[in-house]
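What follows is one structure encoded as structure tokens, with my remarks underneath.
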Number of protein chains: 2
Amino acid sequence: MRKCIATVSVSGTLPEKLSAIAAAGFDGIELFENDLLACPLPPEEIRERVRDLGLLIDLYQPFRDFEAVPDERLAANLRRAEHKFQLMERLGADLLLVCSNVSPRAIGDDDLAAEHLRQLAVRAAEHGIRVAYEALAWGRHVSEYLHAWRIVRTADHPNLGVCLDSFHILSRGSDPIGIEAIPGQKIFFVQLSDAPPLAMDVLQWSRHYRCFPGQGSFDLAGLTIHALNAGYTGPLSLEVFNDVFRQADAARTAVDGMRSLIALEEALDGRTALPPPPEGFAFAELTMADLRPVGELLRALGFTHAGTHHSKPVELWAQGGARILLNAIGDEAELSAIGLQVADPASSVKRAEALLSPVLPRERDPEDARLDAVAAPDGAQMFFCGTEEPPEWLAEFSPFSPAGSAPGVITHIDHVALTQPLHYFDEAELFYRTVLCLRPHERLDMPDPYGLVRSRAMSSPGGAVRMVLNVANVGALDVPWQHVALATGDIMAVARRLREGLGGAGDIVLPIPGNYYDDLAARYDIGPALGQLRELDILYDRDEHGEFLHLYTVTIGRVFFEIVQRIGGYDGYGAANAPVRLAAQHAQHAGAA
Amino acid sequence: MRKCIATVSVSGTLPEKLSAIAAAGFDGIELFENDLLACPLPPEEIRERVRDLGLLIDLYQPFRDFEAVPDERLAANLRRAEHKFQLMERLGADLLLVCSNVSPRAIGDDDLAAEHLRQLAVRAAEHGIRVAYEALAWGRHVSEYLHAWRIVRTADHPNLGVCLDSFHILSRGSDPIGIEAIPGQKIFFVQLSDAPPLAMDVLQWSRHYRCFPGQGSFDLAGLTIHALNAGYTGPLSLEVFNDVFRQADAARTAVDGMRSLIALEEALDGRTALPPPPEGFAFAELTMADLRPVGELLRALGFTHAGTHHSKPVELWAQGGARILLNAIGDEAELSAIGLQVADPASSVKRAEALLSPVLPRERDPEDARLDAVAAPDGAQMFFCGTEEPPEWLAEFSPFSPAGSAPGVITHIDHVALTQPLHYFDEAELFYRTVLCLRPHERLDMPDPYGLVRSRAMSSPGGAVRMVLNVANVGALDVPWQHVALATGDIMAVARRLREGLGGAGDIVLPIPGNYYDDLAARYDIGPALGQLRELDILYDRDEHGEFLHLYTVTIGRVFFEIVQRIGGYDGYGAANAPVRLAAQHAQHAGAA
């Protein structure tokens, strides 16, 4: 199917928008009127620019407040339309979007609306133009898509059809199955946008919070299937009003939109089996100028320096199924790459490339294992590794100590937490959902002393791979810390090792305020174990499925480690404790500064 | 009345919050539990810190999900309360806030709720503690303040009363007059917060968008008067959950909160006559390294270089009632000061100081007129000038040309537009409303090619003084441009002067795309005047009261000028044309770069 996008969905001037849209591989655009008005190029030059970029103007929009008006208004509205038809001829556009009237002066009379739209279609036909009528969710009298179709059917003109907009249909809770009542050739256009589940005024929700398919909570594949079942053969077009996208880089937004449509097409096409989600973490890689501080910290956690890369300045640290690579490049410590165990790395790579996440160039020796990585929106590299044990790539590391593969008190990597750039949080969610096949959990707000942090976990179905994405929810809050959470079956043993083995854990474990434990005593009847938690700076959470014990190391560079013990079916990340943890981290940094 | 603020209302760690709150002159705090839990200081030290700062802990909060629970839960809840009573003794706090139960397991039985709260009050009394019960707007069974009072009255214990929170009362549309049904001594606490008019889920609205009194749309003076009429003598306390305040500078937020309470007290006190609003602009002052480009632009607009300051590098440019000062300091041109004509400058200054906007230090010679200024939140200086004509301060300028006081085609300054820092937009609104006595208009969103700009006009009742405050609505959109709008009765004459007098206005007037005029022709039947608008790059708007013609100069440094002609009772600022203007300005800058 043709893939289109409304120019309002990306940032920039009209020429900048067109370039970004063409580069992302779209077939056509909806030309949004404000973008035209603000453009110094005359319509003929815009037409040429669009054509030279290999695009078409599939829709010109919007034309507002036309139908079901008092008689004296109709002439003015037809005159206004005539101007737009002439403009569209100059632009080479042959489909006009007419939104249902929102004016308080509009008349609630379907026959009058149909008669006016018929007159509009008659005039449009003289210019070879067709008119697509759309029910706005906040239309004065027409706000349901089937109501718009009833009026179009009554008007009964070949140049008049409906435009279906997923936001206007799904935001009202209308059932899209009724689309199948509309003959396909009368569906002139389908606009797709998603939206997060916000309980707010639908107009504000629509104008500020729309997002691309797969970034919100609407079932857009379901809606699109109804349109296909009805016989619709026109384009699938993205029309998103989003305050953040308006500020973001146009090229990235356009690629993000295209990725959302490709993923949507996959979901439409029952023949495409989605690849299985990753089965575990192969490794986490940290880069830093000086490996020693993190190496010492890992040793204190029970890790062994298990090998060194034969040609690169990379150390392998291992314990049980947890492998950490320390790469001596860059400056301060940061989490630069994640290895994911997938059943078939080659097909994962192929799928990533199909989803516009090209494989990153990687320098490797001929004898090195082939490991391909793609860039996540925050810049971290995601490697697709196989599931074989020991993994093939381990051969690149000269064994240093065989103890590294012995079972340890740390069993595996539980999750990694990555900080996202403000303008690309929706992009990140879509990337992790589609390219890495993880499922999103609920969005949470975590109070930091200096602002709220918005957080969303993404996980594979069994929880073998979990990632937490964090972002400042407004403005430019600096939340630079990333972390690797390591799973253990005995957090007390890890904590005691940190305390006893190093003569006081003051330098390694993040200290937790006593007030936190007083509150824990009030909330839960934990008994004598509370004293141990307090002594060992271990935090506690509980949900209906189980319990969660966790502690944090101090931060080195941009990175810290968390030790977690899941008891029973606890499926969260201790978000209730995040304010205490974030305050303690700021205190560590204020103390260090 | 005592003035308090909840620690959650300002950013930082607890010690940082306490310092900021004390410095702003508050009498006490509501200690928010999360701030305590995240603080490494033990309760006794917090108590000491609070006392040393001259503060009291007027309230400890919140205690949640206590009442109307199944029997087996009550014991655990009382046990939890006992922990908090002990904590409060250590803190030296004697009032606990209990929010109405939001748990799905809460039982809808008022007698049971009363019995449980009575048991809580009995235990509290043993510690010398009182309990204030508050109806949360989203409480499971108790969400109305009068419902909370009914339960408290049934429980009938001297240590149990109600807490009134303006947000929970007004967000639901409850009439606050019912407060007068509650005996004053049973109102244990009053929490004040305002909120903008957002149609959204009340929980999200409450947790993210509250603001200080006078920054939203609630009638907080009205609510407070009901509490006073009821006989309430306790503190007025600010409790604000605001995503932006959480990131802002704590000291500024605390001062802003105190200013809101001082203004509220003024409104409560019928004896205080509010000062009259400013009657006009005395001048606008621009600073820049090189005066010539702006001087040439002003000359092209018909201004005369009417005088030079006797001791400072400042030029006075005048035309009709419009006076522009060009001050040769700084780097690129920016709008640095505004002179406002007020009836009694001394009393305006006194009031500004009472509202925590201290007079700025100013260097002046003994013979110079005394002109005092305060700093607006964006750093611009606001001078309080008298209304006498010619103004006293004009004597500081040696006459250069008497033509400056002759009537010109420009008659006066219509408005100035100032760019606000992201984190201080609410502060700015309160400053302009209270310190400068301007009234806020509706907030508007204006699409810029690279993001939305939120805009709010503030004006004196007759419109003699108008200011437009602009801010990026999310993230870090760079909207650096400020402007001075000059009023004329004949914009065509000004435009022709610019075109003819300088051999083509290409260098001075911002070019407006032809597509804009094609759309104007479609929307309005302007007739042949349209050709003139198009030729002269004049924009057009219309409302139910009249018409508006305006044009823009190019930008020099951070500043541009607008020429406006208001016809009839048009009261706006041509916001509909803002997207076209902003795109044209970006195009100018892209062309220059």
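The values are calculated or read from the model by the stated rules, or taken from the named source; none is laboratory data. This is a predicted model, so every value here is computed, not measured. Neighbour counts run over all protein chains shown; Cβ positions are idealised from the backbone, glycine included.
Considering the conditions (1) outside any helix (DSSP H, G or I); (2) on the phi < 0 side of the Ramachandran plot, A:Gly527 is excluded by exactly one of them, (2). The residues of the range B:530-569 that are within 16 Å of B:Leu520 (Cβ to Cβ) and assigned to a loop (DSSP other than H, G, I, E, B), listed by number, are B:Asp537, B:Ile538, B:Asp543.
Among all positions in the range A:300-308, there is at least one residue which is part of a helix (DSSP H, G or I), out of contact with any His (no Cβ under 9 Å at 6 or more places or on another chain) and over 30 Å from A:Phe189 (Cα atoms).
In the range B:568-593, the qualifying residues are those that are over 24 Å from B:Ala300 (Cα atoms) and more than 14 Å from every other protein chain (Cβ to nearest Cβ), and the one that is surrounded by the most Cβ atoms within 10 Å (Cβ to Cβ) is B:Tyr570. Filtering the range B:369-385 to residues that are surrounded by fewer than 18 Cβ atoms within 10 Å (Cβ to Cβ) and assigned to a loop (DSSP other than H, G, I, E, B) leaves B:Ala369, B:Arg370, B:Gly379.
Return a yes/no flag: does the range B:136-144 have any residue that is among the β-branched types (Val, Ile, Thr), assigned to a helix (DSSP H, G or I) and over 25 Å from B:Met88 (Cα atoms). No, the range B:136-144 contains no residue that is among the β-branched types (Val, Ile, Thr), assigned to a helix (DSSP H, G or I) and over 25 Å from B:Met88 (Cα atoms). When restricted to residues that are hydrophobic (A, V, I, L, M, F, W, C) and touching an Asp or Glu at 6+ places or on another chain (Cβ under 6 Å), the range B:509-553 contains 4. Somewhere in the range A:279-289, is a residue of a type in the set (D, E, K, R) and not in a loop (DSSP other than H, G, I, E, B)? Yes, the range A:279-289 contains at least one residue that is of a type in the set (D, E, K, R) and not in a loop (DSSP other than H, G, I, E, B).
Suppose the filter is in a loop (DSSP other than H, G, I, E, B), farther than 28 Å from B:Asp256 by Cα, modelled with pLDDT of 95 or more and polar (S, T, N, Q); does B:Asn101 pass it?
Yes.
Can you find even one residue in the range A:396-405 that is in a helix (DSSP H, G or I), modelled with pLDDT under 90 and within 14 Å of chain B (Cβ to nearest Cβ)? Among the residues of the range A:396-405, not one is in a helix (DSSP H, G or I), modelled with pLDDT under 90 and within 14 Å of chain B (Cβ to nearest Cβ), which makes the answer no. Put simply, of A:Asp256, A:Asp219 the only residue that is closer than 30 Å to B:Val453 by Cβ and more than 14 Å from chain B (Cβ to nearest Cβ) is A:Asp256. Here is the figure for the range A:308-355: residues that are on the phi > 0 side of the Ramachandran plot and free of Cβ contacts under 8 Å to residues at least 12 places away in the same chain total 0. Of the residues making up the range A:321-355, those that are in a loop (DSSP other than H, G, I, E, B) and of a type in the set (Gly, Ala, Ser) number 5. The set of residues from the range B:58-76 being buried (at least 19 other Cβ atoms within 10 Å of the Cβ) and facing another protein chain (nearest Cβ under 10 Å) comprises just one member, B:Phe63.
Set side by side, the residues A:Gly514, A:Gly531 differ, and just one is out of contact with any Phe, Trp or Tyr (no Cβ under 7 Å at 6 or more places or on another chain), of a type outside the set (Asp, Glu), surrounded by fewer than 17 Cβ atoms within 10 Å (Cβ to Cβ) and within 14 Å of chain B (Cβ to nearest Cβ), which is A:Gly514. When we screen B:Pro358, B:Pro366 for residues that are free of Cβ contacts under 8 Å to residues at least 24 places away in the same chain, surrounded by fewer than 20 Cβ atoms within 10 Å (Cβ to Cβ) and within 30 Å of B:Ala267 (Cα to Cα), the only hit is B:Pro358. Just one of the listed residues (A:Gln215, A:Gln204) is in a helix (DSSP H, G or I), within 25 Å of A:Arg246 (Cβ to Cβ) and in contact with a strand residue (DSSP E or B) (Cβ under 8 Å, 6 or more places away or on another chain), namely A:Gln204. Would you say B:Asp537 is surrounded by 18 or more Cβ atoms within 10 Å (Cβ to Cβ), charged (D, E, K, R), on the phi < 0 side of the Ramachandran plot and modelled with pLDDT of 95 or more? Here the answer is no, as B:Asp537 does not meet what is asked.
With respect to being surrounded by fewer than 20 Cβ atoms within 10 Å (Cβ to Cβ), hydroxyl-bearing (Ser, Thr, Tyr) and within 12 Å of another protein chain (Cβ to nearest Cβ), A:Tyr524 fits the description.
Only one of the numbered conditions (1) on the phi > 0 side of the Ramachandran plot; (2) at pLDDT below 95 is not met by A:Arg172, and that is (1).
Among the residues in the range A:150-165, are any among the polar types (S, T, N, Q), at pLDDT 95 or above and under 18 Å from A:Gly231 (Cα atoms)?
Yes, the range A:150-165 has at least one match.
Okay, residues lined up against (1) outside the structural domain of A:Gly231 (by TED's automatic domain parsing); (2) farther than 15 Å from A:Gly234 by Cβ; (3) within 23 Å of the chain's Cα centre (by Cα):
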site	(1), (2), (3)
A:Leu146	no, yes, no
A:Trp149	no, yes, no
A:Gly184	no, no, no
A:Ser206	no, yes, yes
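Which residue, of B:Leu146, B:Leu87, is touching a Pro at 6+ places or on another chain (Cβ under 9 Å) and surrounded by fewer than 23 Cβ atoms within 10 Å (Cβ to Cβ)?
B:Leu87
Does the range A:91-99 include one or more residues that are within 14 Å of another protein chain (Cβ to nearest Cβ), surrounded by fewer than 24 Cβ atoms within 10 Å (Cβ to Cβ) and in contact with a strand residue (DSSP E or B) (Cβ under 7 Å, 6 or more places away or on another chain)? Taking every residue of the range A:91-99 in turn, at least one turns out to be within 14 Å of another protein chain (Cβ to nearest Cβ), surrounded by fewer than 24 Cβ atoms within 10 Å (Cβ to Cβ) and in contact with a strand residue (DSSP E or B) (Cβ under 7 Å, 6 or more places away or on another chain).
Among residues of the range A:234-249 that are free of Cβ contacts under 8 Å to residues at least 60 places away in the same chain, those with a Cβ under 6 angstrom from a residue that is in a strand (DSSP E or B), sequence gap 6+ or separate chain, pair up as A:Asp243/B:Leu452.
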